[in-house]
Amino acid sequence: MDKEVTRSKGETKEVVLTRPLSIDGEKEVDYRAPNLITRILSLFNNVRPGSDLTRFKLPPLFNFPKSHLQCHGETVYCTGSDMLSRCNLADNLVDRFISVVAWNISTLRPPIFGVAPYNPILGETHHVSRGTLNVLLEQISHHPPVSALHATDEKQNIELIWCQQCVPNFNGASVETEVRGKRQLKLLSRGETYEMNSPNLLIRFLPMPGIDWAGKVNIRCPENGLEAELHYGPKSFLGFRSGSHRSVKGKIYETSTRKPLFELNGHWDRNVTMKDNNSRKLTVIYSAEEVFSGLKTPIVNDLQGVQPTESAAVWSELSKAIMSQDWEKAKEAKNAVEEKQRELLGERESKGATWVPQHFNVTHSKDGGWDCSPNQQWVPPAPIVVPFS
């Protein structure tokens, strides 16, 4: 755990940062969750089939010390190898598309069963830099929870724009969270925009507890006429580690003819290979060991520059309490954050004011869902950085 504290004008600013999620999930984090059976029984006592889980307040016992914004951001800035920059290096458009597919696979992180990150407060932000890549996230809606991400690398001429809404549905034996929204990767010097979606998160309680990414991901680039279709497989219904567990299968094909050019096969926690349908040549395009090796915990580079809305500052007291497993203090810390939000909401309502995001222009429609566009061209360097050594 990395912790920074500063005091100015009688106020204390504290930032708590924890190790990124690794390929081994719970085995290599700063936090160990309490007894699994206790958490499952408590959950069943608090929710019912069909419950609106976006409004369900998890007790701290079910949280691990990160905000959802930090988890989203880590998929971009916490990596052992710079797969994002590779997307813009190849001169061949097919090679660029393959690099984008490999990078997309690398954004998956093993979730931890039985615990969840904090639901971000309205207007919460997370701002981190890794080298020349600057990443900024903002919670642009609380009910429903919607997060926006903008990342830019001026050196590599790369831009990321994500807007996503997590919609969980509890059916008694499992929770399936649909991740709605569009993700865009722009290779600015190439004039190419890659659009993609996210797999769903499947949490199973019975007959065997487990959590996995599952479902279909589509990646398309109108400018180069290529598309990819990926299928992610969960653990078997009975909980056995079958061949489908964490599997990735798919294809890359021409948009106009639907002709398959490459077949993809493997596991996102190991390797993914690509077979050329013409030459039959097999190539490893993704290695989890390469992506997850040597992950570094972000550190504070400029404490004065950390905004009050920063995730690692907003939830610092709660994170410290959870790490020490002081559940009474954790409950008080979480209640304090939530009570402050209720006060701010009451103030806005009394003034007839509408909350407006700081960093994004947001649109929402019943049919089209949520969409966002950043209000600045380039994300500035952040006060929190990922060290290279």
Yes or no: segment 123-134 includes at least one residue that is more than 13 Å from the chain's Cα centre (by Cα), among the hydrophobic types (A, V, I, L, M, F, W, C) and open to solvent by 10 Å² or more (accessible area, probe 1.4 Å). yes
Being at pLDDT 95 or above and open to solvent by 40 Å² or more (accessible area, probe 1.4 Å) is the filter here; which residues of segment 291-303 pass it? ILE299, ASN301, ASP302
The conditions are (1) at pLDDT 95 or above; (2) open to solvent by less than 20 Å² (accessible area, probe 1.4 Å); (3) over 16 Å from VAL76 (Cα atoms), and GLU138 fails exactly one of them. Which is it? (3)
Is it the case that some residue within segment 256-277 is in contact with a Gly (Cβ under 7 Å, 6 or more places away or on another chain) and either over 21 Å from ARG86 (Cα atoms) or at pLDDT below 95 (or both)? yes
Cβ-Cβ distance below 6 Å, separation of 6 or more or different chains: which pairs start in segment 137-164 with a residue that is without any contact (Cβ under 8 Å) to a residue 40 or more places away in the chain and end on one that is open to solvent by less than 10 Å² (accessible area, probe 1.4 Å)? GLU159/THR152
Can you spot a residue in segment 327-346 that is of a type outside the set (Val, Ile, Thr) and on the phi > 0 side of the Ramachandran plot? no
Which count do you get for residues in segment 172-194 that are closer than 23 Å to PRO145 by Cβ, assigned to a loop (DSSP other than H, G, I, E, B) and at pLDDT 90 or above? 1
Verdict on GLU317 being free of Cβ contacts under 8 Å to residues at least 40 places away in the same chain and either closer than 21 Å to CYS71 by Cβ or surrounded by fewer than 13 Cβ atoms within 10 Å (Cβ to Cβ) (or both): no
In segment 247-272, which residues are outside any strand (DSSP E or B), surrounded by 13 or more Cβ atoms within 10 Å (Cβ to Cβ) and not charged (D, E, K, R)? THR255, TRP268
Where LYS275 falls short, out of the listed (1) open to solvent by less than 70 Å² (accessible area, probe 1.4 Å); (2) touching a residue at least 60 places away in the same chain (Cβ under 8 Å); (3) among the basic types (Lys, Arg): (2)
Pairs, first closer than 10 Å to ILE121 by Cα in segment 337-350, second hydrophobic (A, V, I, L, M, F, W, C), C-beta under 6 Å, six or more apart: GLN341/ILE121
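The values are calculated or read from the model by the stated rules, or taken from the named source; none is laboratory data. Here the structure is a predicted model, which means the values were calculated and not measured. Ideal geometry is used to build each Cβ from the backbone, glycine not excepted, and the neighbour counts take in all protein chains shown. Areas reflect the complete protein model, heavy atoms only, side chains present, ligands, DNA and RNA absent. Shrake-Rupley method; radii C 1.70, N 1.55, O 1.52, S 1.80 Å.
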